[in-house]
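Below is one structure, written out as structure tokens, with a few remarks after it.
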């Protein structure tokens, strides 16, 4: 059974693989009864395991054009590669999957959509790997880590492909590039990676477009030996949106993570609470999408275990701040929303004055 980390008191999720109490009782009774074999004629058909892609055969695969060399030891700076899609018409992506060629090195991968009118990383080379430190200009180095471009998909160990229902999809304009942001970690032997992303397109223009947003806190300092340190961040939605899914991200000291709606009277409505596991970074897809009005206050809260009792803790005696390496920490609450198909990410963040009462 794959693991599942959400607290069952909060939310219902379409990708929850948990067994019901009835199913568990049935298995226990069968085991207690000596686990008798059933009749062969009643057996289900053999499972047809997928070879390669976990989505239907992609209609388009975009691969990093040049493999990235990864050393045996040491830190590896975030590595980028810009790959043109070659799309001559707009595309609506209903399913996508990121496939590293060497998963053992990949801490995470983010594939961004760089539209033709975006100024992001325009001085960077295309089709070859580069790192932010390769830029002489400090602004250009910082720009690599900051973008308003939408994400096509995020990959981390344990994460799933995107499979959006009919009428909902990600948008990739004609002439766009895909920007692969790769975070590699070393493991004692050198290797290479050449990550790719596969896409299945919607059969017709959808009514809604998916945007990936995030609640991020970069200013925390986790004290040495703290076993339950709380970090929070909140923001209000600039426009109406339908909430679809969550993807919390922390590092090795991550303990718990939750998403809340904070109501005007101060009441807190918890939408998701997970016992975080760095090696199984799951998406949590709402069984019933939730419509949220403009002005809704969303809060993300993370708890960290920097104590000696955390077996994954690199150094409990060290104060921990934001950073890209696994021995540092992150606090990012990604979430996906659906908005009208004609609304892009830049338009979504234009706030409109409330009408007079």
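I want to make sure I understand the PRE zone here: with the label point 7 angstrom from the Cα of residue 123 toward its beta carbon, which residues in the range 133-170 have backbone N atoms less than 14 Å away?
Within reach of a label on residue 123: 133-145.
For the chain, give me the percentage of DSSP beta bridges that are antiparallel, rounded to the nearest 5 percent.
Around 95 percent of the beta bridges assigned by DSSP in the chain are antiparallel ones.
Over the range 202-357, what relative contact order in percent results from Cα pairs under 8 Å that are six or more residues apart?
Relative contact order, the range 202-357: 42 percent.
For a footprinting-style exposure proxy, rank 24, 55, 98 by other Cβ within 10 Å, fewest first.
Ranked by crowding around the Cβ, least crowded first: 24, 55, 98.
Expressed in nm², what is the orientationally averaged projection area of the convex hull enclosing the Cα positions of the range 22-61?
5.2
For the range 157-264, which semi-axes, largest first and in whole Å, follow from the square roots of 5 times the eigenvalues of its Cα gyration tensor?
31, 25, 12
Running a GNM on the chain with Cα contacts under 10 Å, which residue among 137, 16, 162 ends up with the highest mean-square fluctuation?
Largest GNM mean-square fluctuation: 137.
For the range 204-357, what are Rg and Dmax over the alpha carbons, in angstrom?
That works out to 17.3, 56 Å for Rg and Dmax.
Which whole-angstrom value gives the distance between the alpha carbon centres of the range 117-162 and the range 318-335?
Measuring centre to centre over Cα atoms gives 18 Å.
What ranking do 78, 155 get, fewest neighbouring Cβ atoms within 10 angstrom at the top?
By the 10 Å Cβ count, ascending: 78, 155.
In percent, what relative contact order does the chain have, based on Cα pairs under 8 Å that are 6 or more apart in sequence?
This gives 23 percent for the chain.
Gain in length, residue 190 to residue 103, computed as 0.36 nm per residue apart minus the alpha-carbon separation, to one decimal in nm?
Net length gain for the segment: 30.0 nm.
Suppose only helical runs count, i.e. DSSP H with n ≥ 4. What mean residue ellipticity at 222 nm does that imply for the chain under -39500 (n - 2.57) per run, divided by all residues and rounded to the nearest 500 deg cm²/dmol?
-1500 deg cm²/dmol
Report the residues of the range 76-120 in range of a label on residue 54: point 7 Å along Cα→C-beta, backbone N strictly under 18 Å from it.
Residues passing the 18 Å test: 94-111.
Laboratory data are not the source of any read-out in this text; all were calculated from the coordinates shown. Fair warning: this is a prediction, and the values are worked out from it, not measured in the lab. Positions of Cβ are backbone-derived with ideal geometry, glycine not excepted, and every protein chain shown enters the neighbour counts.
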